[in-house]
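Just so you know, all these numbers are worked out from the coordinates, no wet-lab data involved. In this text the structure is predicted, and so the values were computed from the model without any measurement. Virtual Cβ from ideal backbone geometry, glycine too; neighbours counted across all protein chains shown.
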Amino acid sequence: MRPIEKSARLQSLPKYLFAELERKRYEAESAGREVFDLSIGDPDLPTPGFILDRIAEHAREPRNHRYPTSAGMREARAAIATWFADRFKVEMDPGREIAMLLGSKEGIGHFPLAILNPGDEALVSDPGYPVYAAGTVFAGATPVRFPLREESGFVPDPRDLDKLVTAKTRLVFVNYPNNPTGATAPKGFYEDLIGWATRRDLIVVSDAAYSELYYAEAPPSIFSVPGARERAIEFHSFSKTFNMTGWRMGFAVGAPSLIEALVQFKANVDSGAPQAIQLAAVEGLKSLGVHGPALRGVYRERRDLALDTLRRVGCPMRTPGGAFYLWGRVPERDTSMEFVTRVFDKTGVLLTPGTGFGAEGEGFFRIALTSSVDSLRRALQKLETLAPWKAPHASPSPITR
Ligand SMILES: Cc1ncc(COP(=O)(O)O)c(C=O)c1O
């Protein structure tokens, strides 16, 4: 038999950057060294008991033991439409404009396969959640990266995006509150973006997985801009809002033609999201008035503790407006990977190198605020032993094709 090779598309994805860090972590743990993991964006807190109770109840209903539908249960979609109207002041049709997903990643990764043709181009942010580019590559299309710059608040200007558009460009991905930078979209951003996308006849994919994790104003939906209804799809997640990463539940809201394409694609690769979890998750939305502020309070305390400590040791950190990440500049002369490796070797604290999110992440590192205040405090004490941190380097690159 010939040696089995991975598909060319799979092989063309960036090399797995974290393998070396994972090896180091394994060695350290095997040697009995304490490891403080600030690298994984996966909530340490459990799924709220009221959701677990509902999952258990719905799991006993025989109707939920059979195949779900690809678009999701009508009653789940109706509950989402109710929440969407209340939270974002936008009415969406549960029949045509909402679909349930096996986590938002499933929808984000599959959407390009439902819409793009080989040779098409998609604009993806750099740094950014790697699934935008991966889904585009699996569709045989080309990801064209646009930089998110610190001096612009990690938000792209449509005039800069315009320089990257060709006849092959079909869609653009945006993500606010942002992973990895913690940036939120300023007022008017979605108006400008949709205005530009309309002139260029592009589809807009808005990843709103962190919409309920914010520190000041609640972020809007892209559908607060009327023109979005014809050309946008927005991905939402229960993962971070309800500490439900393991249950895999999310949903898409958007233009009927985009939702229909995604659901048709899904009908060919999965059989929909488990119904007991759909029902329990959407019931959770009713509790957001109480659960949301409590959850945001938890992350605010962690954020403030980490910002205070890191700034004190000389590391300039931007205050994030949302999500549960801190994005900092590595000290001078180190690459992101060198810095993260050095920090781990000296302290046992595991950070994420900015280059894990694209080349523009060079010179940055990410901290996930997904450890208890006690473990975070201990990890920060370790980081303090590295003080003083030297001035950071700046390396803005021009937007060119
Ligand atoms: C920006 C962003 N979008 C989407 C997701 C996917 O989340 P899920 O598939 O759990 O809904 C993540 C997960 O980390 C993320 O960071």
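Values for this structure:
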item	result
ASP37 long-range amide H proximity, modeled H, under 5 Å	LEU350
Amide H contacts under 5 Å for ILE203, placed H, 5+ residues apart	LEU171, VAL172
Net charge of Cβ neighbours under 13 Å - reference LEU351; Lys, Arg +1; Asp, Glu -1	+3
Net charge of Cβ neighbours under 13 Å - reference LEU279; Lys, Arg +1; Asp, Glu -1	+1
Centroid-to-centroid separation of segment 117-150 and segment 219-298 [C-alpha atoms, Å]	22 Å
Theoretical FRET efficiency, 1/(1+(r/R0)^6), r = Cβ-Cβ of GLU151 and ALA216, R0 22 Å, to 0.05	0.60
Computed magnitude of the charge dipole of the chain (debye, nearest 20; Cβ of K, R +1, Cβ of D, E -1)	320 debye
Residue exposure sequence - VAL290, VAL124 - by fewest surrounding Cβ within 10 Å	VAL290, VAL124
Residues THR82, THR166, THR181 arranged by fewest to most Cβ contacts within 10 Å	THR166, THR82, THR181
Coil-residue trypsin sites (Lys or Arg not before Pro) of segment 243-317, DSSP, other Cβ within 10 Å capped at 16	LYS286
Percent RCO, i.e. relative contact order, over the chain, from Cα pairs under 8 Å lying at least 6 residues apart	23 percent
Packing rank of 171-177, 27-33, where each peptide gets the mean count of other beta carbons within 10 Å, highest leading	171-177, 27-33
Interatomic Cα distance distribution for the chain, bins of 20 angstrom, percent	27, 58, 16, 0
Qualifying GluC sites (Glu not before Pro) in segment 186-277, DSSP loop, other Cβ atoms within 10 Å at most 13	GLU217
Net charge of Cβ neighbours under 10 Å - reference LEU326; Lys, Arg +1; Asp, Glu -1	+4
Estimated inter-spin distance, PHE50 and GLU75, nm [label 7 Å along Cα→Cβ]	1.8 nm
Inter-label distance, nm, simple model (7 Å from Cα along the C-beta direction), GLU230/LYS187	2.7 nm
